[in-house]
Amino acid sequence: MEVNPTTPGMKYRHYSPTAPVYLFVPSDASSASCARQREKMHELLVQQKGKIGVVTVGDMGTSGADHVVCVTKDAADLAHRIFAVLRMLDEDEHVDKIFVQGVDESNEGMAVMNRLAKAASHHIVC
């Protein structure tokens, strides 16, 4: 990373919301890995206090009185909407934390995961 970034995208927490972002990273693209990722996300979600924003790829069946759930169709949809979704959860919904289901890093997934990792900073769950 550059010492003095020449572009905004090179900054450490570019487009990062005020609420802490927790990125749940799949170990691989297999359906078993995705299932484990969703399980871990759900386990941590039920332990949380406060208003939680949840961004998933496909319906996770997540609901709760204090959960704001945003469902995306696939990695391409997440890539298209990620900044708007993070802003909406942070600025409009005023959530305390944001949980994001990561995607496989193939195709547009690499750019999505790069941006999400910057937003999550130190809150990456594998």
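The values are calculated or read from the model by the stated rules, or taken from the named source; none is laboratory data. This structure is a prediction, so every number in the text was calculated from the model and none was measured. In this analysis, Cβ positions are derived from the backbone assuming ideal geometry, glycine residues included, and neighbour counts consider all displayed protein chains. Accessible surface is based on the protein model in full, side chains and every heavy atom, while ligands, DNA and RNA are left aside. Shrake-Rupley method; radii C 1.70, N 1.55, O 1.52, S 1.80 Å.
Which of the residues belonging to the stretch 108-126 are in contact with a helix residue (DSSP H, G or I) (Cβ under 6 Å, 6 or more places away or on another chain) and not in a loop (DSSP other than H, G, I, E, B)?
The first filter runs over the stretch 108-126 and keeps only residues in contact with a helix residue (DSSP H, G or I) (Cβ under 6 Å, 6 or more places away or on another chain), leaving 108-109, 112.
Of everything in the stretch 108-126, those that are in contact with a helix residue (DSSP H, G or I) (Cβ under 6 Å, 6 or more places away or on another chain) and not in a loop (DSSP other than H, G, I, E, B) turn out to be GLY109, VAL112.
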Query raised in the report: When the stretch 16-63 is examined, which residues are found to be surrounded by 13 or more Cβ atoms within 10 Å (Cβ to Cβ), polar (S, T, N, Q), more than 16 Å from VAL112 (Cα to Cα) and touching a strand residue (DSSP E or B) at 6+ places or on another chain (Cβ under 8 Å)?
Result: GLN37, GLN48, THR62
Query - Of residues in the stretch 19-55 being farther than 22 Å from ASP90 by Cβ and in a loop (DSSP other than H, G, I, E, B), the one modelled with the lowest pLDDT - result: ALA29
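Per-residue answers, yes or no, for (1) surrounded by fewer than 16 Cβ atoms within 10 Å (Cβ to Cβ); (2) part of a helix (DSSP H, G or I):
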| position | (1), (2) |
| --- | --- |
| LEU78 | no, yes |
| LEU89 | no, yes |
| ILE98 | no, no |
| SER106 | yes, no |
Query raised in the report: Would you call LYS118 under 20 Å from PRO17 (Cα atoms) and among the charged types (D, E, K, R)?
Result: yes
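Open to solvent by 10 Å² or more (accessible area, probe 1.4 Å), in contact (Cβ under 8 Å) with a residue 24 or more places away in the chain and within 10 Å of the chain's Cα centre (by Cα), is that true of ILE124?
Details: open to solvent by 10 Å² or more (accessible area, probe 1.4 Å): yes; in contact (Cβ under 8 Å) with a residue 24 or more places away in the chain: yes; within 10 Å of the chain's Cα centre (by Cα): yes.
Here the answer is yes, as ILE124 does meet what is asked.
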